[in-house]
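Following: one structure in structure tokens, then a few remarks.
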Amino acid sequence: MRNVEKTSLIYVILKFCTSIVHRLTHKHFTINGLENIPEGEPIIFAPNHQNALLDPLALVFAGSSEPVFLARADIFKNKFIARFLNAIKIAPVYRIRDGKQSLEKNKGVFESSVRILQNNHSLCLFPEGKHVGMKSMDPHKKAIPRIVFIAAELTNFDLDINIVPVGINYSHYYKFRRNVTVNFGKPLKTKQYYETYKAEGETKAANAMRKDIFDAVRKLVVHVPNKEYYNLYEQAFEIMRPEAAKRLGIKRMYKYFVQIERFITSKIDASIADKPELAANYTEKATKYQKLKDRLNLRERDLLKGSIGVLETIKVFFIILLLLPFGLYGALANGWVYYITRYPYRKAIKDKQFWSTFSFGLSFLVYPIWLLALIFIITAFVHNWLLAIGLALLSIPSGIIAWETGQLFMRTIHRFRINFYKKRENKAFTELIGIRNELYNFFENCID
């Protein structure tokens with residue numbers, strides 16, 4: 001972990017390359033609260049953790065700081081990998097599952113962390129200790145308070161560290177072109193906990209710090225308090241976003257989806273508080289509703305718009321026709337890369353939150369090689385390097401157009417399916433609409 005905080009050439013190159021993949025992966029990347037990050041002072045970033053590798057990347061690309069991340073030690077077993085991880089500012093932290101004897105190594109890790117903070121650099125620890133995979137937070141672990149109080153002891157309680165709470169929010173965890181919002185909260189100054197530490201011991205002070213960090217992060221994220229009812233909240237987000245946005249006076253839902261979903265969460269929290277039977281009943285309905293949508297291959301956005309008419313069909317046809325040349329080129333140039341970086345491995349990965357990590361990693365490795373190969377392939381036909389480079393680069397926006405056109409086409413097909421189900425009076429569709437109406441009425445009463 002020696003000098004892990006220093007920016008290496010490998011770090012600079014990888015950050016630049018991954019920034020391109022990161023930007024293409026996400027449709028909208030919104031950052032709020034950069035003014036809350038102190039300059040020239042020691043900082044520990046404390047983000048929520050929902051989406052494996054994509055969370056630290058979101059933090060890195062959200063601001064100008066380059067924090068050192070503390071990660072689980074088992075990924076550092078290979079010496080070559082350990083050196084590489086150190087080069088990109090990732091250091092090990094040992095857990096009880098790594099063996100009790102391994103915990104002794106944390107002394108050196110924590111001392112190095114203190115050195116980093118004393119030099120006014122930043123650290124990042126995910127206080128939950130694992131990714132959760134849903135819009136909810138787990139209780140925080142002890143790592144941040146432990147580092148803070150070791151730093152306090154080694155500096156005669158003079159070092160006032162800024163703990164900056166961070167909320168990382170995703171519109172979806174593994175779909176391509178999702179939206180991401182990163183919220184930085186006001187920093188917690190660690191000196192406020194030192195007197196408690198001296199007078200009442202580490203446990204009391206650490207618990208107070210953990211609670212304050214948890215509460216600070218919770219204000220920056222969508223947090224479903226009871227995971228037992230998670231399906232209920234999830235369907236509320238899907239069904240009520242437009243209505244909630246309207247009531248909040250929000251026009252650009254993609255930019256303020258966190259604010260919208262926090263509003264919905266607060267209203268449902270208030271409505272089902274101390275009413276477990278009501279919550280369980282509507283959670284069951286919400287679960288059944290999602291199963292029916294999956295069975296009928298429908299999406300909530302399609303149900304919100306309903307069946308499609310002749311004039312709208314003609315409009316969609318002309319849009320697709322207009323985009324078709326770029327879309328076809330983008331699909332031919334990038335379709336196979338899109339597929340192999342997203343689907344073949346999914347059955348082998350039990351934790352869906354690692355889907356996006358594998359997809360990102362494969363895209364980072366495969367796409368640059370393919371882009372170079374594409375330049376050579378095009379050159380073989382046009383016999384002009386500059387033109388070949390231009391056409392190869394054009395495949396990138398064309399690929400996005402291909403994806404967007406494909407999404408528009410599929411949405412149209414789904415709405416034709418609604419027409420078909422209505423005309424045939426499909427029983428499953430009728431049941432789905434009935435449950436949706438029940439859920440909508442319940443959610444509407446909640447937010448009134």
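Relative to the compact globular guide of 2.2 N^0.38 Å, what is the alpha carbon radius of gyration of region 191-296, as a ratio?
It is 1.44.
Can you tell me the equivalent ellipsoid semi-axes for region 310-436? Use √(5λ) from the Cα gyration tensor, largest first, whole Å.
36, 23, 9
Do any of Lys15/Lys291; Lys191/Lys219; Lys135/Lys305; Lys219/Lys422; Lys130/Lys427 go past 31 Å between their Cα atoms, and which? Could the numbers behind the result be given before it?
On the way: Lys15/Lys291 40 Å; Lys191/Lys219 22 Å; Lys135/Lys305 26 Å; Lys219/Lys422 43 Å; Lys130/Lys427 43 Å.
From Lys15/Lys291; Lys191/Lys219; Lys135/Lys305; Lys219/Lys422; Lys130/Lys427, over 31 Å: Lys15/Lys291; Lys219/Lys422; Lys130/Lys427.
With an 8 Å cut-off on Cα pairs and a minimum separation of 6 or more residues, tell me the relative contact order of region 227-296 in percent.
45
Mind scanning Lys175/Lys293; Lys227/Lys352; Lys175/Lys350; Lys288/Lys423; Lys79/Lys352 and naming the pairs with a C-alpha gap bigger than 20 Å?
Cα-Cα > 20 Å for Lys288/Lys423; Lys79/Lys352; rest within.
Can you find, among Gly167, Tyr11, Ala333, the residue farthest towards the positive end of the dipole of the chain? Put +1 on the C-beta of Lys and Arg, -1 on that of Asp and Glu.
Of the options given, the answer is Ala333.
Normalised by the number of residues in the chain, what is the relative contact order in percent for Cα pairs under 8 Å and 6+ residues apart?
In percent, rounded to a whole number, it is 17.
Once you have the Cα-Cα distance between Ala208 and Ile10, take 0.36 nm times their residue separation minus that, and quote the gain in nm to one decimal.
Numbers: separation 198, 0.36 × 198 = 71.28 nm, distance 3.92 nm.
Between Ala208 and Ile10, full extension yields an extra 67.4 nm.
Return the long-range amide H neighbours of Ala71 (sequence gap of 5 or more, or a different chain), with a cut-off of under 5 Å between placed amide H atoms.
Answer set, sorted by chain and number: Ala91, Val93.
Which FRET efficiency value, to the nearest 0.05, do you get for Leu362 and Ala199 by plugging their Cβ-Cβ distance into 1/(1 + (r/R0)^6) with R0 = 56 Å?
Calculated value: 0.60.
Region 53-88 to region 240-314: how many Å between their Cα centroids?
36
From the P(r) of region 124-253, could you give the percentage of C-alpha pairs in the tail past 17 Å?
66
Distance between the C-alpha centers of region 115-148 and region 321-368? Whole Å please.
32
Taking the Cα-to-Cβ direction at Val132 and at Phe29 and moving 7 Å from each Cα, how far apart do the two end points lie in nm?
Spacing of the two 7 Å Cα→Cβ label points: 2.4 nm.
Divide the volume of the convex hull of the Cα atoms of region 397-448 by its number of residues and quote the answer in cubic angstrom per residue.
Cα-based convex hull of region 397-448, divided per residue, equals 101 Å³.
Please give the contour-minus-distance gain from Leu393 to Ala280: 0.36 nm per residue of separation, less the Cα-Cα distance, rounded to one decimal in nm.
Net length gain for the segment: 35.5 nm.
Which entry in (i) 22, 47, 26, 5, 0; (ii) 25, 51, 19, 4, 0; (iii) 21, 50, 27, 3 is this structure's computed P(r) over Cα pairs in 20 Å bins from 0, in percent?
After the calculation, the listed value that fits is (iii).
Mind checking the full-extension length gain between Tyr440 and Glu243? Use 0.36 nm per residue of separation minus the Cα-Cα distance, one decimal, nm.
Length gained between Tyr440 and Glu243: 69.9 nm.
Considering only DSSP beta bridges whose two residues both sit in the chain, what percent are antiparallel, to the nearest 5?
Details: 7 of 27 bridges.
Around 25 percent of the beta bridges assigned by DSSP in the chain are antiparallel ones.
Could you size up the charge dipole of the chain around its Cα centre, putting +1 on the beta carbon of Lys and Arg and -1 on that of Asp and Glu, and report it in debye to the nearest 20? Let's see the in-between values first.
On the way: 65 positive and 40 negative charges, 249 e Å.
The dipole magnitude comes to about 1200 debye.
Each reported figure results from applying straightforward, stated rules to the coordinates on display, with no laboratory input. If you're wondering where the values come from, they're calculated on a predicted model, not measured in any experiment. Here the Cβ is made from the backbone with ideal geometry for all residues, glycine too, and neighbour counts use every protein chain on show.
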